[in-house]
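Engineer: For reference, the structure I am asking about is given below.
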Amino acid sequence: MRRRRAAAGALGLTAAMVLVGCGGEDGPPTLTWYTNPDAGGQAVIAQRCTEEADGAYRIEVSTLPREASEQRQQLARRLAAEDASIDLMSLDPPFIPEFANAGFLAEIPAEMAERVSEDVVAGALAGATWEDELVTVPFWANTQLLWYRESVVEEAGLDMSEPVTWDQLIEVAQEQDLVLGVQGTKAESMTVWINALVASAGGTIVENPEAPTDEITLGLDSEAGREAARIMGEIGGGGLGGPGLPTADENANLSVFQGDRASFMVNWPFVWTATVDAVDAGTLDAEVLEDFGWAIYPQVVEGEESRPPYGGINIGVGAFSNHTDLALEAAECVVAPENQAEYFATNGNPPASTAAYDDPAVQDAFPMADLIRESLEQAEPRPQTPFYNEVSTGLQETWHPASAVSDSTPASSADFITAVLRGERLL
Amino acid sequence: MSTQITPAAGGRTPQAAADQEEAEVRRGHEAERSDRTRAEARLGWYLAGPAFVVMLAVTAYPILQATFDSLFRFKLTAQDEREFIGLGNYSMILTDPVFWSSMWVTLLITVVTVLVELVLGFALALVMHRAVRQLRGLLRTAILVPYGIITVVSAFAWFYAFDINSGFVNSWFSWVPGIDENLNWFAETGPSLFVIMASEIWKTTPFISLLLLAGLAQVPGDLEEAAEVDGATWWQRLKRVVIPNMKAAIMVAVLFRALDAFRIFDNVFIMTGGANNTQVLSLLAYDQSISRLEIGLGSAISVLLFLCVLLICFAAIKLFKVDLAGARGEG
Amino acid sequence: MTGLSTKQRVWWGVITVLVLVYALFPVAAVAATSFKRPSELNSGTFLPPNPTWGNYEQILVGDAQGLFLSALRNSVGISLIATAIAVVLATLAAYAIARLDFPGKRVVLTTALGVSIFPIISLVTPLFNVWRSIGLYDTWAGLIIPYLSLTLPISIWTLSAFFRQIPWELEQAAQVDGATSWQAFRKAIVPLAAPGVFTTALIAFFIAWNDFVYGISLTSTEAARPVPAALAFFTGASQFEEPTGSISAAAVVVTVPVVVLVLLFQRQIVSGLTQGAVKG
């Protein structure tokens, strides 16, 4: 008896929550937007769009976990349960093909697709597309820059107005006994690094990303793959990433880069806002900030344009939402260029729309805004395959720790991932 | 995690009581007896039935479902491609080195933590047993704190203490050879497992020590006194009198801790997520079904894990029975 | 401490300090971290150089409030309900086991034993798959039901042990006075059994409160996510920032009730935990 009542109570509570999620009887329907954690910018945009909608709908944000792979997991599990409460979601581009392929994303009408694709940087558009259709709305596009300390570069006599190579960075770090900031932790950020290295060397991790699971072929076992492995192995094996490398994520890199042994670091533009904030809060010496320099992502092959990492967030509309029409409307509001510009200026996440870069607030907050736009044009997305999770986890499994990466890593990694995709190995 | 007795020990006393009762009843009227027995049986099942059904519903049903699901290739993001593959998942898992390395890591953690906890728990139990009354409450309260703490909290506490960025262990213990400020505990298998096991041991030793305390209370005091009069040293008394007399309690404690340690998940998940070859079986199952949404594969690992626990349990109960008889013979 | 020689006193002093350090040091470490400012996290010191309440503000009234407070509500609610259901069912079952002779008694006890050693992760995959198809995924009920697999067996064993010590003559006396079995149980035994039931509830609650595997696998939003799972998903002030400070603060907040309960009911918990182990 008691059990049944309790269970019924709990069910009733859930039902009540679902009702609230759908708007219930009074007030406009509430759309739930699952956002990746940021400095509160998406909540501000949600607020503004709610006001603009003028009673048509309300947007509420719900924050997802920090790790990109965890975000995917939380959403995929709910969507597999055909959850109607997911109206809008902030999606990391590599996971979009999986969602689109599984039918988790609502279709975007052709007219709207045209409107939201206008002026969008190429990488962001590619990341929002699956099988030649726009399946998500480009929101913001991220890319990594090469950050350096002016004092270090000066002593090494490097000319930073020209692109530099990874080998040059390694040499400087070795000579001056300094730490290079790279993402060596066993997580998505490590895949980002591997992908940029392979792409910059002229290769590609997955050759036919749209193929079914048992026909996918990997391009790792190649000159480009081995070149990427050489650079990673030299940094890891030589201790150039510092003792923290095997657990270093973007934030750990930043704290090393703000310290005494800093030299170079590849990282997203958030490091700029975070450092400015730290100086404003008085927890960091202003001299450190003045010593910051930035340049385009380092090359693997001298003279060959590098392919910086591409990241960011696109807005997807849940296929099982009760209000897909309103959610699509809301998505269009969220990505309005003025919202993107303000989001960049306040949260440090660069816009997908090229128009937003001309905003004076952006230019003011980010002296390197033009470099970011340039980097985005050159950027290479991670493999756009529905099996991205397997590919990425497989890479992390075989390339971690960086100190153990050798000439044979690319081939064994390709074999392993292929076996996982064929259902012959566990992950 | 839980305090129980084995069925072997559990059945004995009530069975004896029941027998006696039955004998008493037999002396009464036959008709009355059968009526009463029937009523009692009915009432017994009315009372115990709901709990019994719920227990079956929350375990037997899911494990049967898992057994069924494990025969399919079934991924949630590609639900249309579900296909029956018989024992394919099992043969794949059992030939996979990742499964076996997880198995060995899990066993290593189980053996090491249980052994350390047994020694440490015994020491703590002795302290609590011998403590003067004024200290007893304080000591027990302190020891119960790790028991009551959430495992995830314990994992974070140990993780942050050892973490190369936010930790203080490296600077405190830099005088120990091998430890300096550049030691990254979570970069290699050995140190990672060390911290994982330390957290596990810290959190669960109180449980084992309380079970041992209960065992200590059962050791006949006069035996110990006699040994003392005979001039036996403290160590000899411990070895010859105390430990043999509490063998049963030790075995129960070891069995339950071992089965609990075999399921280790929280500490590994929080500290390394399985990096540096610290993958354990529970995490492997989680990765397949929850992260990859490969329901078929995950179910197969779940079933295998269940079989492992059954195996350990049966082996231990057999050993335990022997030991119990042996302990009695000596006493 | 009369009756002890000075040497013994010193020894007991040393031992007590050692035990206290062992039991409380990790808690102290996490508490110390919870008072550090973001810029002090990497200072490598144990104590915060400039203690701040900032992390507590963050989780109780700040940005992380939504995540933490809802998790706290879920954890308390779900654990209490799961404990209550388990204790009610277990009380009935334990009475039958301790008192009545009926076929299948050993089956119930053995089942409880089997359930308590069951590898939880084995239940997660099938439950996740079933829950998502019948709509229990990410709901309170979706956690309460599996929590019974944690709380029910231990409750049955602990209570059976308690009930065996109750003077059942009282019940027989009541029955002689014309009460039925049920009335006798309710009037004569329940008041005597109450302390045991309370202790059992306390232990069962600790176990439900500690759960992580179910919590992380069968929920995905604030609607049902309990504290341990929420801790693992905490986020810093911005996308890439480490949530070390807020996790530590949240860890302290959820540890305080545990310490209070332990302080208040130390004697009961110890007797409850040792009860089932020795008395057959």
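The values are calculated or read from the model by the stated rules, or taken from the named source; none is laboratory data. Treat the numbers as computed from the prediction; the structure is a model and nothing was measured. Every residue, glycine as well, gets a Cβ built from its backbone with ideal geometry; the counts of neighbours run over all protein chains shown. Remember, those area values only see protein heavy atoms, side chains included, never the ligands or the DNA or RNA. Shrake-Rupley method; radii C 1.70, N 1.55, O 1.52, S 1.80 Å.
Engineer: Need the per-residue list for the range B:42-57: every residue with at least 30 Å² less accessible surface in the complex of protein chains than in the chain by itself, probe 1.4 Å, sorted by number.
Structural biologist: When all protein chains are present, B:Leu43, B:Gly44, B:Trp45, B:Leu47, B:Ala48, B:Ala51, B:Phe52, B:Val54, B:Met55 each give up 30 Å² or more of accessible surface.
Engineer: Out of every Cα pair in the range B:64-159, what percent are spaced more than 17 Å from each other?
Structural biologist: Result: 74 percent of Cα pairs exceed 17 Å.
Engineer: Where q = 0.07, 0.11 Å⁻¹, what log10 of I(q)/I(0) comes from the Debye formula for chain C, counting one point per Cα?
Structural biologist: -0.37, -0.81
Engineer: What's the percent breakdown of Cα-Cα distances in the range B:91-220 across 5 Å bins, shortest bin first?
Structural biologist: 2, 10, 14, 16, 15, 15, 12, 8, 5, 2, 1, 0
Engineer: Probe radius 1.4 Å, ligands and nucleic acids ignored: give me the carbon and sulfur share of the accessible area of the range A:78-177 as a rounded percent.
Structural biologist: Summing carbon and sulfur atoms, their accessible area is 38 percent of the total for the range A:78-177.
Engineer: With every atom except the alpha carbons ignored, what do you get for Rg and Dmax of the range C:137-193, in angstroms?
Structural biologist: Rg then Dmax for the range C:137-193, in Å: 16.5, 52.
Engineer: Continuing with the same structure: How many Å² of accessible area per residue for chain A, probe 1.4 Å?
Structural biologist: Counting only protein heavy atoms, the per-residue value for chain A is 36 Å².
Engineer: Can you work out the Karplus-derived ³J(HN,Hα) for every residue in the range A:39-46? Use 6.51 cos²θ - 1.76 cosθ + 1.60 with θ = phi - 60°, whole Hz, and x for glycine or proline.
Structural biologist: 8, x, x, 5, 5, 5, 5, 4
Engineer: Can I ask one more? Could you state the accessible area per residue of the range C:1-45 in Å², with a 1.4 Å probe and every protein chain left in place?
Structural biologist: Spelled out: the 1.4 Å probe surface of the range C:1-45, per residue, equals 56 Å².
Engineer: May I ask you to list the residues of the range B:58-77 whose amide nitrogen lies under 17 Å from a point 7 Å from Cα along the Cα→beta-carbon direction of B:Leu87?
Structural biologist: Within reach of a label on B:Leu87: B:67-73.
Engineer: Leaving out ligands, DNA and RNA, what percent of the accessible area of the range B:95-330 is carbon and sulfur, probe 1.4 Å?
Structural biologist: Summing carbon and sulfur atoms, their accessible area is 66 percent of the total for the range B:95-330.
Engineer: Under the Kirkwood approximation for Rh and a Cα-based Rg, what ratio Rg/Rh is obtained for the range C:34-75?
Structural biologist: Using Cα coordinates only, the ratio equals 1.10.
Engineer: In Å² (nearest 100), what accessible area is buried between A and C, both sides summed, heavy protein atoms only, 1.4 Å probe?
Structural biologist: The contact between C and A buries close to 2800 Å².
Engineer: Then there's this: Can you give the accessible area of A:Thr398 in Å² (nearest 10), computed on protein heavy atoms with a 1.4 Å probe?
Structural biologist: The accessible area of A:Thr398 comes to roughly 40 Å².
Engineer: Which one of B:Thr233, B:Thr106, B:Leu223 is farthest out on the positive end of the charge dipole of chain B, using unit charges on Cβ (Lys, Arg +1; Asp, Glu -1) and the Cα centre as origin?
Structural biologist: B:Leu223
Engineer: Note every residue of the range A:217-249 with a reduction of at least 40 square angstrom in accessible area, all protein chains present versus the isolated chain, computed with a 1.4 Å probe, or write none.
Structural biologist: At a threshold of 40 Å² (probe 1.4 Å), the residues of the range A:217-249 that become less exposed are A:Pro243, A:Thr247.
Engineer: Suppose only helical runs count, i.e. DSSP H with n ≥ 4. What mean residue ellipticity at 222 nm does that imply for the protein assembly as shown under -39500 (n - 2.57) per run, divided by all residues and rounded to the nearest 500 deg cm²/dmol?
Structural biologist: It lands at -20000 deg cm²/dmol.
Engineer: Tally the DSSP beta bridges in the protein assembly as shown and give the antiparallel ones as a percent, rounded to 5.
Structural biologist: 70
Engineer: For the protein assembly as shown, with the dipole built from +1 on Lys and Arg beta-carbon atoms and -1 on Asp and Glu ones, taken about the Cα centre, which of A:Ala262, C:Ala201, A:Ala281 lies farthest toward the positive end?
Structural biologist: C:Ala201
Engineer: Also, quick follow-up: Cβ under 14 Å from A:His400's Cβ, A:His400 left aside: what net charge do those residues give with Lys, Arg +1 and Asp, Glu -1?
Structural biologist: With Lys, Arg at +1 and Asp, Glu at -1, the net is -3.
Engineer: A further question follows. Determine the per residue accessible area of the range B:95-330 with all protein chains present and a 1.4 angstrom probe, expressed in square angstrom.
Structural biologist: Here the per-residue accessible area is 38 Å².
Engineer: Hey, another quick one. Can you give the translational diffusion coefficient of the protein assembly as shown in µm²/s, computed by Stokes-Einstein from the Kirkwood radius over Cα pairs at 37 °C and 0.692 mPa s?
Structural biologist: 107
Engineer: Using only protein heavy atoms and a 1.4 angstrom probe, determine the accessible area buried between C and B, summed over both sides, in Å² to the nearest 100.
Structural biologist: 9200
Engineer: Another question, if that's okay. Got a sec? Charge dipole of chain B, +1 on Cβ for Lys and Arg, -1 for Asp and Glu; which of B:Ala249, B:Leu259, B:Ile301 is way out at the positive end?
Structural biologist: So the residue we want is B:Ala249.
Engineer: How far apart, in nm, are two points set 7 Å out from the Cα along the Cα-to-Cβ line at A:Gln363 and at C:Val107?
Structural biologist: 8.3
Engineer: Still on this structure, I have one more. Strictly over 29 Å apart at the Cα level, which of B:Lys203/C:Lys105; B:Lys239/C:Lys7; A:Lys186/B:Lys203; C:Lys7/C:Lys36 would you flag in this model?
Structural biologist: B:Lys203/C:Lys105; C:Lys7/C:Lys36
Engineer: Direction-averaged shadow area of the convex hull around the Cα atoms of the range C:66-233, nm²?
Structural biologist: 10.7
Engineer: Now for a separate question. Report the local net charge at B:Gln288: Lys and Arg +1, Asp and Glu -1, summed over other residues whose C-beta lies under 15 Å from its C-beta.
Structural biologist: Here the count lands on -2.
Engineer: Let me make sure I get this right: for the range A:302-383, a, b and c are the square roots of the gyration tensor eigenvalues over alpha carbons, sorted descending. Under 1.5 in a/c it's rounded, otherwise prolate if a/b > b/c, else oblate. Which is it?
Structural biologist: In terms of gyration-tensor shape, oblate.
Engineer: Follow-up question, since we're still on this one. Might you report the magnitude of the Cβ-based charge dipole of the range A:194-320 about its Cα centre, with Lys and Arg at +1 and Asp and Glu at -1, to the nearest 20 debye?
Structural biologist: In debye, rounded to 20, the range A:194-320 gives about 160.
Engineer: If you place +1 on the Cβ of every Lys and Arg, -1 on the Cβ of every Asp and Glu, and leave all else neutral, what size is the dipole of the range B:95-330 about its Cα centre, to the nearest 20 Debye?
Structural biologist: Once rounded to the nearest 20, the dipole reads 720 debye.
Engineer: Still on this structure, I have one more. Rounded, prolate or oblate: pick one for chain A, where a ≥ b ≥ c are the square roots of the eigenvalues of its C-alpha gyration tensor, a/c under 1.5 means rounded, and failing that, prolate if a/b is larger than b/c, else oblate.
Structural biologist: Here chain A falls in the prolate category.
Engineer: Name all residues of the range A:216-258 having a backbone nitrogen under 18 Å from the label point set 7 Å from the Cα of B:Ser101 along its Cα→Cβ direction, giving them as ranges.
Structural biologist: A:246-247
Engineer: Okay, next question. Kirkwood Rh over alpha-carbon pairs of the range A:123-217, then Stokes-Einstein at 10 °C and 1.306 mPa s: what D in µm² s⁻¹, rounded to an integer?
Structural biologist: Rounded to a whole number, D works out at 95 µm²/s.
Engineer: Rg over Rh of the range B:95-330, using C-alpha atoms and the Kirkwood radius, what does it come to?
Structural biologist: Expressed as Rg/Rh, it is 1.03.
Engineer: In terms of modelled amide H atoms, which long-range or inter-chain residues lie less than 5 Å from the amide H of C:Thr221?
Structural biologist: none
Engineer: With a 1.4 Å probe and every protein chain kept in, tell me what percent of the accessible surface of the range C:35-189 is carbon plus sulfur.
Structural biologist: 62
Engineer: Which residues make up the longest stretch of chain B clear of chymotrypsin sites (Phe, Trp or Tyr not before Pro) that lie in a DSSP loop with no more than 13 other Cβ atoms within 10 Å, not counting the sites?
Structural biologist: My reading of the result: B:1-172 is the longest stretch.
Engineer: Further, regarding this structure: To the nearest 0.05, what FRET efficiency results for A:Asp119 and A:Glu60 with a Förster distance of 35 Å applied to their C-beta separation?
Structural biologist: 0.75
Engineer: If you scale each eigenvalue of the Cα gyration tensor by 5 and take the root, what three semi-axes come out for the range B:103-157, rounded to whole angstrom and sorted largest first?
Structural biologist: 27, 16, 5
Engineer: With heavy atoms of protein chains only and a 1.4 Å probe, what residues of the range C:36-83 have at least 50 Å² less accessible area in the full set of chains than alone?
Structural biologist: C:Asn42, C:Gly44, C:Phe46
Engineer: Explain nothing, just the number: dipole magnitude of the protein assembly as shown about its Cα centre with +1 on each Lys and Arg Cβ and -1 on each Asp and Glu Cβ, in debye rounded to the nearest 20.
Structural biologist: 8620
Engineer: Using 7 Å Cα-to-Cβ label points, what is the A:Glu287/A:Asp167 separation (nm, one decimal)?
Structural biologist: The two pseudo-label positions are separated by 3.6 nm.
Engineer: On to the next question. Report the residues of the range C:110-144 in range of a label on C:Arg73: point 7 Å along Cα→C-beta, backbone N strictly under 13 Å from it.
Structural biologist: Backbone N within reach: C:140.
Engineer: For the pair B:Ile317 and C:Ser5, what calculated FRET efficiency results from E = 1/(1 + (r/R0)^6), where r is the Cβ-Cβ distance and R0 = 45 Å, to the nearest 0.05?
Structural biologist: The value I calculate is 0.45.
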